[in-house]
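Reviewing the structure listed below.
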């Protein structure tokens with residue numbers, strides 16, 4: 001990771017937006033998260049976690065995906081894939097890697113089916 005980043009690419013800690021304790025707990029417990037208890041603003045987007053040493057930004061999805069109807073799962077995946085691709089592009093534009101954390105294997109499989117190049121991890125810690 002280079003020390004000469006554009007100003008919008010320098011991570012700025014921000015308080016969690018609040019309202020979802022499970023989401024915040026899962027984000028805070030991303031392994032080697034350097035900003036536990038906070039979101040990280042990079043390139044105009046609040047990311048859920050950051051592994052500063054590895055140069056990786058994280059988004060965390062805590063949906064109970066496998067309990068949704070098939071129709072709702074398809075809607076959720078379409079929406080999330082668009083959002084995650086945009087977030088990945090924002091991270092990459094600043095020279096960061098991008099990972100997505102999900103709680104269930106079915107959620108991971110559905111995302112990978114639509115976006116096979118995303119780095120998706122099942123959050124064993126969540």
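The values are calculated or read from the model by the stated rules, or taken from the named source; none is laboratory data. Not measured: the values here are computed from a predicted model. For neighbour counting, all protein chains shown are included, and Cβ atoms are generated from backbone atoms with ideal geometry for every residue, glycine included.
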Check your understanding: Could you list, in sequence order, the residues of segment 98-107 that are surrounded by fewer than 21 Cβ atoms within 10 Å (Cβ to Cβ) and in contact with a helix residue (DSSP H, G or I) (Cβ under 7 Å, 6 or more places away or on another chain)?
Key -> 98, 104, 106
Practice item. Would you check if there is a residue in segment 44-66 being part of a helix (DSSP H, G or I) and either under 11 Å from the mean Cα position of the chain (by Cα) or at pLDDT below 95 (or both)? Key: yes
Practice item. Would you mind finding the one in 88, 92, 46 that is crowded, with 20+ Cβ neighbours inside 10 Å and under 23 Å from residue 10 (Cβ atoms)? Key: 88
Study note, to complete from the structure: Taking segment 81-110 and keeping residues within 14 Å of residue 64 (Cα to Cα), assigned to a helix (DSSP H, G or I) and within 15 Å of the chain's Cα centre (by Cα) leaves 107, 108
Review point. In the list 16, 23, which residue meets the criterion of being surrounded by fewer than 19 Cβ atoms within 10 Å (Cβ to Cβ), over 19 Å from residue 112 (Cα atoms) and in contact with a helix residue (DSSP H, G or I) (Cβ under 6 Å, 6 or more places away or on another chain)?
Key: 16
